[in-house]
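Worksheet for the structure shown next.
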Amino acid sequence: WGIAIFFTGGSTGTGLMTLLIVPLASIFGPHATLVVLIPAVIAALLFARAYPTWIGTAPAAPGRATAAASMRAVALPLSMLLSVSVLRSAVMTAYLTFLPTLVVVRTGSLGLGAAALEAFLFAGSLGALLGGAAAHAFGGAPVVVVSLVTGMVGLLPVPWLPGAVLVPWVFVAGVLFFASEAQVTALAQRLLPAFVGVASSLMMGVGLGIGNGGALVTGAVADRRGIQFALTATTFLMVGAIAAAFVYLLSMRGPRRAGVLEA
């Protein structure tokens, strides 16, 4: 649930800043984007003030395993979660980058393109919360699998939808798609309970960083085959993410799963 709240803050902040920056940039030009530094600095100061009193660091247990040894012990399930993160991020980045372009190409409306992007961003906030609540009831792994499957099914028609239904459809598809985002990180933290920072860095740093290449690939394909074909093809990367999620589930059965839970 805590990870879900964290991701909700990120999605909501991105959505709100998009609403703010578009009119500012249209009036004052690209230099208006410097306004994003203001909330960033305020948040950093608040965090620095809160850290000594609110956030405690657990002392390291003597003789505990190193991060490398801990990762080797769960190499298969951890690598499958990282694969899910990379492939999800590739699809997510492609839609965040090219959804407005898609709408403008299809309808000629820049306003509708902005609305579709906002719907997708705010769907991320709601999806993270609903995913966290569902994980409490059913477990994180089932939430990840269901989210990946339903998110792919929801996104596949998006490049071909008429403008009249695009915004609500994108919102619903986004909720389904983003429900798994926080839970992938939470599952990785359970695999590495003594190194949750490493687990988070792998899923949110390495996974998202490599996944950003999805925008590059989608753009290259769009130049040759068109934006609709490119986004549809990129969405099929979710098949690989779904397969990796099932391999993760299989790897967590039996003695391995018991050992991880005991750790």
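The values are calculated or read from the model by the stated rules, or taken from the named source; none is laboratory data. Owing to the predicted nature of the structure, the values given are computational and were not obtained by experimental measurement. Every residue, glycine as well, gets a Cβ built from its backbone with ideal geometry; the counts of neighbours run over all protein chains shown. Calculation scope for accessible area: heavy atoms of the full protein, side chains included, ligands and nucleic acids excluded. Shrake-Rupley method; radii C 1.70, N 1.55, O 1.52, S 1.80 Å.
Against the criterion of solvent-accessible heavy-atom surface with a 1.4 angstrom probe, Val167, Val153 sort, most first, into Val153, Val167.
Rounded to the nearest 20, the size of the Cβ-charge dipole of the chain about its Cα centre is 500 debye, with Lys and Arg at +1 and Asp and Glu at -1.
Relative contact order, whole percent, for segment 60-206 stands at 28, derived from Cα pairs under 8 Å and 6 or more residues apart.
Kirkwood hydrodynamic radius of segment 1-129, from the reciprocal of the average inverse Cα-Cα distance over all distinct pairs: 18.4 Å.
Estimated at the nearest 10 Å², the accessible area of Arg106 is 90 Å² with a 1.4 Å probe. For segment 93-140, what D do you get in µm² per second when you plug the Kirkwood radius from alpha-carbon pairs into Stokes-Einstein at 25 °C and 0.890 mPa s? Taking Rh from Cα pairs, D becomes 205 µm²/s.
Across segment 158-263, Cα pairs under 8 Å and at least six residues apart give a relative contact order of 22 percent.
Pairs of Cα atoms nearer than 8 Å and 6+ residues apart set the relative contact order; for the chain it is 29 percent.
Note on segment 151-222: Rg/Rh from C-alpha atoms, Kirkwood Rh, equals 1.11. The distance linking segment 100-159 with segment 194-229 is 16 Å (Cα centroid to Cα centroid, whole angstrom). I'd like the orientation of helix 213-225 relative to the chain: the angle between its Cα long axis and the longest Cα principal axis, in ° from 0 to 90, rounded to 10. For 213-225 against the chain, the angle is about 30 degrees. Considering every alpha-carbon pair of the chain, the percent of pairs per 5 Å bin, from zero through the bin containing the longest distance, is 1, 6, 11, 16, 17, 16, 13, 9, 6, 3, 1, 0, 0.
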